[in-house]
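Worksheet: the structure to be examined is printed underneath.
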Amino acid sequence: MSYEAVRGRVLLAGNLAGAETEVAILGLTEGDPPSGLSLELDRASGGVIARASAAGDFKGEPNETLVLYPAEGKARRLLLVGLGKAAQLNAEKIRAAAATAARRARDLGAKKAAALLFGQGTPVSAPEAGQAFAEGAILGTYQYIEYKTKDRDKVKILEHLEVYLPDEKILAEAAPAFARGERIADATNYARSLASHPGNHATPSFLAAEAEKIALAQKLGCTILDAAKMKELGMGALLGVAQGSHEPARFILLEYDCGRKDAPTVALVGKGLTFDAGGISIKPSAKMEEMKYDMCGGAAVLGVMSIIRDLEVGVNVVAAVPSTENLPGGGAYKPGDILRSFSGKTIEVQNCDAEGRLILADALSYVAQKHKPAAIIDLATLTGAVVIALGHYGAALLANDDALAGRVEEASRRSGDRLWRLPIWEEMGDHLKSDFADVKNIADGSAGGGTIAGAAFLSNFVDSTPWAHIDIAGTAWWEKDRPHLPKGPSGFGVRLLAELLRSWA
Ligand code: BES
Ligand code: MN
Ligand code: ZN
């Protein structure tokens, strides 16, 4: 395993007040005195929680924490975490609070912690709270240490987390959701770890090898196309981008068969650009190292495929990850070059740094033509412009089909992977006309709206298939710590796709 997160997690019925533990975690809503099992824990601890709130030292505001050392009771420490107002509690707030708590327990140096499931006695159901708690604790404790050789033994790891529920009946209700939350969060951390790998390790061949492992574990079909095969198929757009690099390109395909004959197929496409230097249209050197994360769309797609069978998805799924580097080697494609895409359409290259849309063009038309899917969803770190439009708190959704966009938005609300829809104005197509080829890969300077232009370009390659494009350039990676999104790769899209596919049928 190339990353760490809370290792053992157990959901069980019982009373936290009776648990011998290094840290007892209690989530408290704002302005409410402890009641029920929280009150029992307070009594067992000699009333220390009531005294802390009477002193005004703990209010229960979202993600507020307080560590107490009770003189009585079985817990060595009490860790109070704020959940905010009970009436406003939801899965996302529980996710965040569980992340805050698990990380704090870990940073205190504890190996074992025990919590009372957050949100008992609020409108949030036990299954919903259970899934959110598991996700938050696992996502919040993600740390990537693969390439650190010094002081490895000083890395703090939470070995074991117990989550208590009041009785066996509620346990039986919440257990499947808790387990699902674990799987989804593990898959998200896996996608994060793929993104954390540097470009010299996470090459197209490396991603292909990961896909083969996933296929074996989840019983999926797996096809890896090399350059010769892509040439034979006519994937000139992907191969054009790959020309400037010595690292061989790969086109990765995974197929999940749900077992139902009449089931529709949903296609997922993820941009797997393992390093984007910009090609001959080379990027400035400042922060260029960040462009190792240009494969986060591909990582999200591989992430969800790594649990697709466990999620009991009721539709067939085909996943495609076109993967290459974009470098300015001597053989590199150049501005003015015309590439013949898999679809047959010709593309004039006007900017070698607009390479994501080129590799996606071949992938989109390949899945549209070969798999006749009911819908295609692509995820890509496609444009810097999306950061200008929406910032880092949500990704852009652009679609040629309102019903599909609605489904994706619904999955976004449930999963917590935030989206905001942008239009694909028809007029943008005029700005993508080329004097020499069918289309060009960037819009005229006057067009503006770089994220919309990117989607408008892609729309040429999906025929009439319902299609949704998610631009994750602003959400895939951020240098700011948030509760369940520690700084670095977010794994954006794994939770969204898991929700979308699970609820498809
Ligand atoms: N991979 C980049 C987009 C990107 C930018 C991802 C910032 C993450 C953070 C993409 O290949 C790219 O270079 N896009 C260009 C498009 C332009 C040349 C039309 C961009 O956004 O500048
Ligand atoms: Mn680029
Ligand atoms: Zn790129």
Per residue Cα convex hull volume in Å³ - calculated over segment 185-333:
107 Å³
For Gly236, net neighbour charge (Lys/Arg +1, Asp/Glu -1) across residues whose Cβ lies under 9 Å away
+1
Tell me, what is the 1.4 Å probe accessible area of Ser490, in Å² to the nearest 10?
10 Å²
Contour minus end-to-end for Thr149 and Glu20, with contour as 0.36 nm per residue of separation and end-to-end as the Cα-Cα distance?
43.0 nm
Whole-Hz ³J(HN,Hα) for each residue in segment 241-255, computed from phi via Karplus 6.51 cos²θ - 1.76 cosθ + 1.60 with θ = phi - 60°, x for glycine and proline: what do you get?
4, 6, 3, x, 10, 7, 6, x, 7, 9, 10, 9, 10, 10, 10
Among the aspartates and glutamates, which have Cα under 16 Å from the Cα of Lys169 when same-chain residues fewer than 8 positions away are ignored?
Glu128
Can you tell me, using C-alpha contacts under 8 Å and at least 6 residues apart, the relative contact order of segment 148-294 as a whole percent?
22 percent
So, for the Cα atoms of segment 240-287, Rg and Dmax in Å stand at 17.2, 52
Order by protection proxy (mean Cβ within 10 Å, highest first), peptides 340-349, 442-451
340-349, 442-451
For segment 1-78, average projected area of the Cα convex hull in nm²
6.3 nm²
Do the sum for the chain: with -39,500 (n - 2.57) for every DSSP H run of n ≥ 4, divided by all residues, what is the mean residue ellipticity at 222 nm, to the nearest 500 deg cm²/dmol?
-10500 deg cm²/dmol
When you take every Cα atom in segment 1-40, what is the radius of gyration, and what is Dmax, the widest Cα pair distance, in Å?
14.1, 43
In nanometres, what is the gap between the two model label sites at Lys261 and Lys487, each 7 Å from Cα along Cα-to-Cβ?
5.7 nm
Long-range amide H contacts for Trp467: which residues qualify at under 5 Å (H placed 1.01 Å from N, peptide plane, sequence gap of 5 or more or a different chain)?
Ile376, Asn400, Asp401
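Provide the packing ranking of 100-109, 359-368, 429-438, 29-38, i.e. peptides ordered by the mean count of other C-beta atoms within 10 Å per residue, highest first.
Packing order, densest peptide first, comes out as 359-368, 100-109, 29-38, 429-438.
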Taking placed amide H atoms and a strict 5 Å upper bound, the residues 5 or more places from Val163 or on another chain that come that close are Val10, Leu11, Leu12, Ala115
Quick one: accessible surface of Ile157, probe radius 1.4 Å, all protein chains present, in square angstrom to the nearest 10.
20 Å²
With 20 Å bins from zero, work out the P(r) of the chain over every alpha carbon pair and list the percent per bin.
24, 50, 22, 4, 0
Leaving out same-chain residues fewer than 8 places away, which lysines sit with a Cα under 24 Å from that of Lys261?
Lys219, Lys370, Lys372
Rough spin-label spacing in nm, given labels placed 7 Å along Cα→Cβ, for Asp435 and Ser125
6.2 nm
Averaging sequence separations of C-alpha pairs under 8 Å and six or more residues apart, then dividing by the length of segment 363-505, give the relative contact order as a whole percent.
38 percent
Rank these residues by their accessible area, most exposed first, probe 1.4 Å: Thr324, Thr223.
Thr223, Thr324
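Tell me, what is the per residue accessible area of the chain in Å², probe radius 1.4 Å?
39 Å²
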Under the rule of at least 5 residues apart or a separate chain, name every residue whose amide H is placed under 5 Å from the amide H of Leu419.
Ala395
Sort 64-73, 179-188 for me by packing, meaning the mean count of neighbouring Cβ atoms within 10 Å per residue, highest on top.
179-188, 64-73
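For Lys169 and Leu233, compute 0.36 nm times the residue count separating them, minus their Cα-Cα distance, and round to one decimal in nm. The partial results should precede the final answer.
On the way: separation 64, 0.36 × 64 = 23.04 nm, distance 5.62 nm.
Answer, rounded to one decimal: 17.4 nm.
What percent do you get for the relative contact order of the chain when only Cα pairs under 8 Å and 6+ apart count?
Relative contact order of the chain: 15 percent.
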Keeping the other protein chains in place, figure out the carbon and sulfur percent of the accessible area of the chain, with a 1.4 Å probe.
51 percent
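The values are calculated or read from the model by the stated rules, or taken from the named source; none is laboratory data. Note that the structure is a prediction, hence the values are computed from the model and not measured. Cβ atoms come from the backbone with ideal geometry, glycine included; neighbour counts cover every protein chain shown. What goes into the accessible areas is simple: the full protein's heavy atoms, side chains included, and nothing from ligands, DNA or RNA. Shrake-Rupley method; radii C 1.70, N 1.55, O 1.52, S 1.80 Å.
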